[in-house]
Structures are given as C-alpha cells and as structure tokens.
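What follows is one structure encoded as structure tokens, with my remarks underneath.
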Amino acid sequence: MEKIIPSVKGTRDFYPEEMAIRSWLYRTLREVSESFGYQEYDGPFLEKIDLYAAKSGEELVKEQAFVFPDRGGDLITLRPELTPSLARMVAQRQRQLTFPLRWWSFGPFWRYERPQKGRTREFFQWNIDLIGANSPESDAELVAICVAFFKKTGLKPDQVGVFVNDRRLMDAELEKLGISDAEMKKRVFRLIDRRDKMHPEDWAAYSIEVGLSVDQFEGLKTILDNRELWKNSPEMQRFFESLRAFGADEYVHYNPQVIRGLEYYTGTVFEAYDLGRDGRAILGGGHYDNLVADVGGEPLPGVGFAMGDVMIGLVLQKYGCLPPLGTAPADVLVTVFDETLLVESQKAARQFRELGLRTIGYTEIVRLPRQLKFADRMNIRFVVIVGPDEASAGQVTVKDLAKGDQFTTTIVEAVETIKKLLA
RNA sequence: GUGGCUGUAGCUCAAUGGCAGAGCACCUGACUGUGGAUCAGGUGGUUGUGGGUUCGACCCCCAUCAGCCACCCCA
C-alpha cells in the first residue's frame, strides 16, 4: 500500500458521522440566530494581513495567524477571527445599512496554535453581533441568544452557565480604590484575569509587581468576592432585569472576575462555561463602543460573541446532547436479484425515488445475503427484492429489517406502507 | 514557544532484550430467494520514521514526526 500522506497538523477530517454533527450544529445555530431575527453573512476566508495589524491583539496576528505571501508578494492571512472583516463590511456600507444590525455567521477560522483538547488549528466559529445598539437590553439580548442555544440543545443550568460583568462598573470600583491611571487599570484587569489560575501567594506577589498597595490589594479582593457588586451599576441592574424578561436568567450569574482579554470590550463582558469540574470556556463576548474605530466612519457601538465548534462539541457530547449517530442515508435499498433483473431493479429504484423515498439501488451483481448485510450495516430499514416471481407479477417484495417480516405488493402500495411505518 | 505521556493488524490493546499475539472488524463456508445470532476456517505487520547500542531490539539510547495532556494564549 502506498504511504498515506498525513493531514495537516491540527486539522480534522469530517467523515459522514462528524459531518452530520457539524451540519446539525450549523442548523441549530441558524435556527437560534434566525429566531431572534438575525441575518446570516460571511466575509472572505483570506484577508490581507493589514486588516489585522491595527486591530486584534498583537499576538493573534504575529504568533497565531497563518500568513503567507501570494504570487504578487502581498501577505495573505487565513482569517483568525471575523470581527475585523465585519468591521470593514459595516464601515463600507455604513450609510446604507439599517441599524441596529443583527448579523450572524458560522464559518472556518485558522490559528497556528499547539493543538490540544478543545483546540485545533482549523476550527469553526459562530459569530453573532448586534451593531448600532447601546443599551443594557441589547447586551442582554446577546446573552439571551446564547442561553436560547443552550436550551435548544438540551444543556441544563446546572451544566453550563454564563458569567457576566461590566467593565464600566469595574472601572468605577477601581477608581474608588484610587486606581485611575489607564495603564494601571489594564495591569489590574490582567491581575484579575489571572486570579483563578495562580496560587493565592503567587497572586498576591503578582499584585505587588503590578503596583498595588496593600490596602488596594485588600480592596480588590473585597470587590472580587462580592457577588452583589452588580447592584452598584444601573446598567447591570437593567441588564439583569431584561434577562428575566428574556427568560434567560436561570443560566446567568454575576461574576466580578470576568474581564476578558480583548481590549476592545468597553462595557458588559460575558463568558459561558461548562460548570463541570474540568469545565472550560465555551464562548465569550461583550459590549464594544466602536466597531469601526480603526477603519474610520461614525462611532458604532455594539455587542457580540463568538463560540468555537470544538469546545461546544465536547461539552455537548459530555452531556449527551448530540443528535443520534449512524442515521441511515436511505429509507430503501433495492437489491439486484441477478444480471437479467438488474434493469428491473433500477427501474423500481427510480419509482421509489419518484414517490418520495430516499432510495439506494444496488449497482453491483452480488449475492443477496451480501446486499441484505449492506442494508443492515448502513442502517437502511427496508430492503426491496425484485426476483423472477415479483417481476412477472409486476410486484416487489419489501422486507422490514427492523421487524423482520416482509410483504409482496405493487410499488405504489409498498411506498404507502413504508411511509406509514416510517412515520 | 515550554514541559510531560503515548505511537505494535482496519479498531482497542498484549508481548523479562530471545519464534509479534488476542478481542473486535474483514473474507470464505455451514446457508444457490433473505441481514443481525452461532459454529468452523482464513486474510491481515518494514512494531510511526531515521540512526545507535547489542550475538540478538517492539523493548535500551539519540534524533525526528504525529497524537494526547498541562502551561502559554484564547474561542
């Protein structure tokens, strides 16, 4: 056997089983997105590197993007995220579009990272944004969409949760501690982000490194341990009230430690987690003040989030929320009795198809047991046999592999019976 | 980018440095107009790749590639 050329590191082959899951996920995301009136869009998979130079984290482009020169010498990037493309698309038609804009997308992205559990180099991502909106209720809508997705897939509030915070609130609270310098705030946000990942002593040491006084450090801990902090924020109060109206509050929790790395978030920020012991982040998003800031154009606030297909796939599998696998490609298999009846079988298969049943006609002349075994393996429930007796009588024999019984009748009647049995 | 674990039949895995095996799957038959079950027989391997040590390497050493895991980062 020839040596098989291996696939590119961090990519996945989608065999029919996996493809069925991917399609199911796409369908589900579409249903959820469209139920809130969002429109599907997409950008190019290839972009010039300049698009990401200004925006995004520096690391995302420099360390994590697939970049290569095209034949003309331009540096081309396999898109590592969608937001910059979205910003351009919106900016280009800022005067023509009707705001607020509700857009969603599901497509492939690439990041040159070391593959591990829940992370590949080629992955799909659900992006959904509400652009040109600036209220806590808009923010709540996005969280509600996320919750609607959880509900639709059967994930329960004790399995997954959305944790919410507000950067404006945190800004105000840090001000109270005498932390007002912008650079300092950035470092403190980073410190907050690291809390759960470090030992308490190391984290305390890190706080000194960041430049916090002992009093400020104690104050910060008090803030981070206060699950009622949101009550200090009129926006958060409206947000949670709205969430109740959306019927999504069961899944949503306030958590002052949610900050998020991306710098462009300016208000509400949220992250969804698997609540299990080894739980990891499923999706993240938040409110931004100006989507098109770096592209020019009018200030345009909005809110959105992104969810990768790999992590959510693992979570859905873990909680048994994936659709059943091994679904049959056809309802009927029309077998070939022998060479002389091959054409009869093909004609029969065509009639089954025309009468609305998904039908495979066997195209090889092999022994009957083998064809039955094929049907069994493929999970095809009904096997049609056109033998000499049937052919001369203008009938077919239909065997129901699920029940084990069989009957002989005309094709029209057979189709009716099969449809009843499938219903 | 850093560290750890693992690579043996299509799959899941065995094999003190001394003949490379099992289960499942596959093929054939028992069963010439009927799948699953059972029984009998059979096919299947450059032990990831390249070096080294040794009389002898799946086993020990080095390198490399891949997968997994943890960091890092994030979705």
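Values quoted throughout were computed directly from the atomic coordinates according to the rules given, and no laboratory measurement underlies them. In this text the structure is predicted, and so the values were computed from the model without any measurement. Backbone-built Cβ (ideal geometry, glycine too); neighbour counts: all protein chains shown.
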Matching residues, the stretch A:165-191, being in contact with a helix residue (DSSP H, G or I) (Cβ under 7 Å, 6 or more places away or on another chain), surrounded by 20 or more Cβ atoms within 10 Å (Cβ to Cβ) and of a type in the set (A, V, I, L, M): A:Leu169, A:Leu174, A:Ile179, A:Val188, A:Leu191
Tally of residues being crowded, with 20+ Cβ neighbours inside 10 Å and either assigned to a strand (DSSP E or B) or among the hydroxyl-bearing types (Ser, Thr, Tyr) (or both) across the stretch A:84-100: 1
Helices (runs of 4 or more DSSP H) lying entirely in the stretch A:111-210 (those with 3 or more residues that are touching a Cys at 6+ places or on another chain (Cβ under 8 Å)): none
Sole residue being more than 8 Å from RNA strand B (Cβ to nearest atom), within 24 Å of A:Pro16 (Cβ to Cβ) and loosely packed, with under 12 Cβ neighbours inside 10 Å, chosen from A:Gly394, A:Gly361, A:Gly356: A:Gly356
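Yes or no, residue by residue, for (1) within 16 Å of RNA strand B (Cβ to nearest atom); (2) touching a Cys at 6+ places or on another chain (Cβ under 6 Å); (3) of a type in the set (A, V, I, L, M); (4) part of a loop (DSSP other than H, G, I, E, B):
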residue	(1), (2), (3), (4)
A:Val8	yes, no, yes, yes
A:Asp13	yes, no, no, yes
A:Leu25	yes, no, yes, no
A:Glu34	no, no, no, no
A:Pro44	no, no, no, yes
Matching entry among A:Ala375, A:Ala402, A:Ala423 (being of a type in the set (Gly, Ala, Ser), within 9 Å of RNA strand B (Cβ to nearest atom), within 40 Å of the chain's Cα centre (by Cα) and loosely packed, with under 12 Cβ neighbours inside 10 Å): A:Ala402
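Considering the stretch A:69-83 alone, what residues qualify as being closer than 20 Å to A:Gly285 by Cβ and either of a type in the set (D, E, K, R) or part of a helix (DSSP H, G or I) (or both)?
Across the stretch A:69-83, the qualifying residues are A:Arg79, A:Glu81, A:Thr83.
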Failed condition for A:Asp158, given (1) over 29 Å from A:Glu31 (Cβ atoms); (2) more than 11 Å from RNA strand B (Cβ to nearest atom); (3) charged (D, E, K, R): (1)
Given (1) buried (at least 16 other Cβ atoms within 10 Å of the Cβ); (2) within 12 Å of RNA strand B (Cβ to nearest atom), number of the condition A:Pro388 does not satisfy: (1)
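Filter the stretch A:168-192 down to the residues that are closer than 30 Å to A:Ser33 by Cα and out of contact with any Ser or Thr (no Cβ under 6 Å at 6 or more places or on another chain) and list them by number.
A:Arg168 - this is the single residue of the stretch A:168-192 that is closer than 30 Å to A:Ser33 by Cα and out of contact with any Ser or Thr (no Cβ under 6 Å at 6 or more places or on another chain).
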Test result for A:Ile208, β-branched (Val, Ile, Thr) and either surrounded by 13 or more Cβ atoms within 10 Å (Cβ to Cβ) or within 16 Å of RNA strand B (Cβ to nearest atom) (or both): no
